[in-house]
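Written out below as structure tokens is the structure these notes cover.
The values are calculated or read from the model by the stated rules, or taken from the named source; none is laboratory data. The structure displayed is predicted, hence computed values, not measured ones. Note: areas computed on protein heavy atoms with side chains; ligands, DNA, RNA excluded. Shrake-Rupley method; radii C 1.70, N 1.55, O 1.52, S 1.80 Å.
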Amino acid sequence: NIANYAFEGAINLETVEFYGDVSLGTGVFNNCPKLKSITVVKASNRDTYANVDTETVKGVLYQGSYVEGEDGNYTFVPKMLIQFPSGAEVEEFIVPETVEGFGVQAFAMTKRIDKLVLSNKIGWGNDHGVDKAFINANIGEIVIDCEAAWVSETTKDGLEDHSLQINS
């Protein structure tokens, strides 16, 4: 088990490797400005942590579960992005569509993401950890992949009311 905030503020920590069957506390890797990769070694199909590497980013830590496919092989399905390596620098990062929330300060102090693409499945309430997910992160653009429409309505007082309606 790794305790809450165990490595928080470890300013020279660059890489981490551990088995996916451990128990992680909250904010374990917060405020580690040189952290470029978090590698999870698969221990079994019961692991709750893994990486879902893409062409642009390697070493992003997710929580989720392994699901058996029709072919009998297991695939990790991420549900929560726990930690983006804060020392990473990327042009674009697309959060997997199955991700529904973020860990505490998941993107905090990220060195550089030019464009971050989020799916419409992200929950935006405090129970999804979004309230401090992006604190002090150097993110140029955030795109939420959903349909949106500008709505204008006239209130009963005759005033125009404008709002952004998001359809996911």
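Brief remarks on what is shown
- Remark: region 41-105 carries 50 Å² of accessible area per residue (probe radius 1.4 Å; ligands, DNA and RNA excluded).
- Taking the 1.4 Å solvent-accessible surface of region 16-147 as the whole, the part contributed by carbon and sulfur is 45%.
- Taking amide H atoms as placed 1.01 Å from N in the peptide plane, the amide H of residue 90 lies under 5 Å from those of 112, 113, 114, each 5 or more residues away in sequence or on another chain.
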